[in-house]
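Q: Dropping a structure here in structure tokens format, bear with me for questions.
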Amino acid sequence: MPAFEGSESAQPQKNEDAFEDLEDPFAEKPLPELKDPFVGYNRFMNRVNDGIYDNFIDPVAKVYKKVVHEKIRISARNVFRNALSPVRFVSSLAQGDLDKSARVLGRLVINSTVGLAGLFDVAKHYEIESVNEDFGQALGFHGVPTGPYLVLPLIGPSHMRDLAGGVVDSFLSPTIFLAPGFAVGTGINTYQKLNDASFLLDDKEELEESAVDEYESMRDFYHQYREGLVAK
């Protein structure tokens, strides 16, 4: 699900809002169908993930949110986003988007220096808009179909295209090629997920309360969201 920019009362963004500046991303071309041939497995894994979230992630994230000030959590999120600049740069370059590639580099340089290793998003004050790209989007840009819907253990909603893109992204992530060991890399990733979860607690509860079928709601939201990013 999308993360937030700025304060917890801001609008959802994923990094950024998938449909920002897009009144209707599917006005000219309808949303392609997402097939779900593994629905039995997917529903099972969705229940497993929900159990892990409800019994472990949610209570820890609630305590973390109460103990750690919002500004500190935002700064931590900024650091992670800044560190993932290689993912955004390569994905933008793979789509031939020189404007986004230049913005990623500009934001990386400014936020890594003036922004103290990414603690502060100084680049936005220079009106350098953030970029939300990954290799799954790059594959979609080049016409690679989504493939079947998948619910991944601990990760959650995905599909074959995003799964393949995620493998490429993982090799561009500093937590893979800079971490001194697997345990350290896992710890960093775990903290990142916990910090992100602290901004999404209300969204999760709202989805559970409003959805007739939470599984289908999450699947449809994920599909529309990701296709919106590709269209953007």
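Q: Scan the stretch 202-222 residue by residue and report those that are exposed (fewer than 10 other Cβ atoms within 10 Å of the Cβ) and outside any helix (DSSP H, G or I).
A: Once the filter is applied, which keeps residues that are exposed (fewer than 10 other Cβ atoms within 10 Å of the Cβ) and outside any helix (DSSP H, G or I), the stretch 202-222 yields only V212.
Q: Report yes if some residue within the stretch 86-94 is assigned to a loop (DSSP other than H, G, I, E, B), under 16 Å from the mean Cα position of the chain (by Cα) and either under 24 Å from I176 (Cβ atoms) or at pLDDT 95 or above (or both); otherwise report no.
A: No, the stretch 86-94 contains no residue that is assigned to a loop (DSSP other than H, G, I, E, B), under 16 Å from the mean Cα position of the chain (by Cα) and either under 24 Å from I176 (Cβ atoms) or at pLDDT 95 or above (or both).
Q: Select from the stretch 159-198 the residues that are outside any helix (DSSP H, G or I) and touching a Pro at 6+ places or on another chain (Cβ under 9 Å) and write down the one among them that is farthest from I52 (Cα to Cα).
A: Once the filter is applied, the top-ranked residue is S173.
Q: While we're here: Among the residues in the stretch 188-204, are any more than 17 Å from V60 (Cα to Cα), in contact with a strand residue (DSSP E or B) (Cβ under 9 Å, 6 or more places away or on another chain) and in contact (Cβ under 8 Å) with a residue 12 or more places away in the chain? Even if it seems obvious, please write down each step before you answer.
A: Of all residues in the stretch 188-204, those more than 17 Å from V60 (Cα to Cα) come to none.
No: zero hits.
Q: What are the pairs with Cβ atoms under 8 angstrom where one residue, in the stretch 133-153, is touching a residue at least 24 places away in the same chain (Cβ under 8 Å) and under 25 Å from N46 (Cβ atoms) and the other, located anywhere, is among the polar types (S, T, N, Q) and in a loop (DSSP other than H, G, I, E, B)? Sequence gap at least six, or different chains.
A: Between residues of the stretch 133-153 that are touching a residue at least 24 places away in the same chain (Cβ under 8 Å) and under 25 Å from N46 (Cβ atoms) and residues that are among the polar types (S, T, N, Q) and in a loop (DSSP other than H, G, I, E, B), the close pairs are Q137/Q95; G140/T146.
Q: Find all pairs meeting these conditions: Cβ atoms under 6 angstrom apart; at least six residues apart or on different chains; first residue within the stretch 73-98 and within 12 Å of N111 (Cβ to Cβ); second residue among the charged types (D, E, K, R) and not in a helix (DSSP H, G or I).
A: N78/D121
Q: Residues of the stretch 207-224 being aromatic (F, W, Y) and either in contact with a strand residue (DSSP E or B) (Cβ under 7 Å, 6 or more places away or on another chain) or more than 13 Å from V151 (Cα to Cα) (or both), which ones? Spell out the reasoning first.
A: Here is the first cut: in the stretch 207-224, the ones aromatic (F, W, Y) are 215, 221-222.
Across the stretch 207-224, the qualifying residues are F221, Y222.
Q: Counting just the residues of the stretch 99-129 that are part of a loop (DSSP other than H, G, I, E, B) and without any contact (Cβ under 8 Å) to a residue 12 or more places away in the chain, which one comes out surrounded by the fewest Cβ atoms within 10 Å (Cβ to Cβ)?
A: The extreme case among them is E127.
The values are calculated or read from the model by the stated rules, or taken from the named source; none is laboratory data. None of these values were measured; they are calculated from a predicted model. Cβ: placed from backbone, ideal geometry, glycine included. Neighbour counts: every protein chain shown.
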